[in-house]
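Before any comments, here is the structure.
The values are calculated or read from the model by the stated rules, or taken from the named source; none is laboratory data. Bear in mind that the values here come from a model prediction, so they are computed numbers and not experimental data. For neighbour counting, all protein chains shown are included, and Cβ atoms are generated from backbone atoms with ideal geometry for every residue, glycine included.
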Amino acid sequence: MKILICSFILFFIFIFSNCSYPQDTLVNKPFLGNAKELSNPSDIYKLNMIYDLDVFEYYDLSQYSTELEKKNFRKTSEYLGKYDELKLKKNEILHTSFFINWDCDISNYIIKEGGFNLSLGINSGLGLVGAISPKTISDIYFPTLPTKRITYLENSFGTDVREEVLPIRVNEKVGSMIEENKGEIGVYLIFKISGKRSISFNYLNEGDDTWYKNTQEHLFANKVVIIIANDKTGEIYFEKFY
């Protein structure tokens with residue numbers, strides 16, 4: 001009996017010692033599984049460096065500043081070793097599940113549409129720093145999301161100034177639960193990186209009243225699961241695969 005109890009205890013010690021996720025994730029967010037969080041812009045930037053196999057940026061080799069210095073360094077065994085390391089890391093990230101805790105604005109329940117709108121932002125601003133490609137969340141492009149643009153406001157720029165939203169359709173009972181617990185709601189995107197592509201879009205700089213055509217490169221995910229859940233209880237209100 002003592003042997004059985006000890007074996008049982010050792011089993012649980014083994015399970016939890018091999019799990020790197022915080023306790024609140026284990027208890028309240030089991031739907032995240034073993035996905036790794038992308039919590040800040042530096043995480044995305046690092047993924048881009050790995051995907052691009054950019055040895056100089058990833059390893060911060062700023063001592064090689066000229067094109068000639070970089071060309072000569074590429075011939076060394078040190079560079080080749082680091083390049084091989086990045087290739088392994090790239091293969092790893094392409095087979096890793098990631099998640100983003102999306103801090104978005106959630107509309108009130110829209111009865112005639114049967115759900116909520118999650119805001120991705122608007123296609124205008126002061127300057128071009130805030131210019132964001134459509135269907136992009138935390139600098140990751142999600143081409144399969146059925147977003148739509150709605151008139152943001154009527155002004156001298158016309159109805160081309162629009163807010164991009166993702167419609168989320170739930171019944172009124174679930175809608176009431178989301179509205180009553182908005183302060184505890186988490187919106188999660190779970191996905192794998194599919195590749196990288198350039199996205200072109202128009203953006204209004206309100207500083208000079210001019211529309212600009214922008215092109216940005218983004219890592220993208222062809223498949224994504226969106227989950228809306230109560231961060232306190234772990235209850236899932238919405239889950240859909242796109």
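Points to keep in mind about this one:
- Exactly one residue out of 132, 199 is in a loop (DSSP other than H, G, I, E, B), touching a strand residue (DSSP E or B) at 6+ places or on another chain (Cβ under 6 Å) and either under 30 Å from residue 51 (Cα atoms) or not assigned by TED's automatic domain parsing to the domain that holds residue 103 (or both): that is 132.
- Pairs, first in contact (Cβ under 8 Å) with a residue 60 or more places away in the chain in segment 110-127, second part of a strand (DSSP E or B) and among the polar types (S, T, N, Q), C-beta under 7 Å, six or more apart: 123/202; 127/205
- Checked against (1) farther than 23 Å from residue 181 by Cα; (2) touching a Gly at 6+ places or on another chain (Cβ under 8 Å), residue 88 meets all criteria but (2).
- Members of segment 38-76 that are charged (D, E, K, R) and closer than 18 Å to residue 218 by Cβ: 43, 46, 52, 54, 57
- The set of residues from segment 35-69 being in contact (Cβ under 8 Å) with a residue 12 or more places away in the chain, of a type outside the set (A, V, I, L, M) and either more than 21 Å from residue 96 (Cα to Cα) or exposed (fewer than 10 other Cβ atoms within 10 Å of the Cβ) (or both) comprises 56, 59.
- Subset of segment 201-222 [of a type in the set (D, E, K, R) and within 21 Å of residue 149 (Cα to Cα)]: 206, 209, 213
- Number of the condition not met by residue 174 [criteria: (1) closer than 23 Å to residue 46 by Cα; (2) at pLDDT 95 or above; (3) not charged (D, E, K, R)]: (1)
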